[in-house]
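What follows is calculated from the coordinates using simple rules that are stated; it is not laboratory data. Fair warning: this is a prediction, and the values are worked out from it, not measured in the lab. Note that we place each Cβ from the backbone using ideal geometry, even for glycine, and neighbour counts take in every protein chain shown.
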Amino acid sequence: MCDILEDAPNHALGWVRWSDRVFYRTDENIDKSLTEFFKGRLPRVVNRFVSLMSLAKHRRVKSALRLALNEERDFAL
């Protein structure tokens, strides 16, 4: 998920931001990128989610998530 949300400065079609590469089909049956659909200003909740996902790249956060998910799996069994 983190890789998807990263910028791709060398994208062949120029779709640098993740929101350039995610599309929505409008009621008029037109495909628009999220950047285009929201006119470059994504909703706050989306920006916050992306910010939280960027935290998952940090080593300590990864370790904590692995530990938490592993314990949860053991508990479920």
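Could you grab the pairs with beta carbons closer than 9 Å, sequence gap of 6+ or different chains, first residue in the range 16-38 and farther than 18 Å from Asp3 by Cα and free of Cβ contacts under 8 Å to residues at least 24 places away in the same chain, second one of a type in the set (S, T, N, Q) and part of a strand (DSSP E or B)?
Every condition considered, the pairs that remain are Tyr24/Ser33.
Which fully enclosed helices (runs of 4 or more DSSP H) of the chain have 3 or more residues being over 19 Å from the mean Cα position of the chain (by Cα) and loosely packed, with under 10 Cβ neighbours inside 10 Å? Talk me through it step by step, then tell me what you get.
Details: elements: 34-37, 44-55, 59-76.
So the answer is 59-76.
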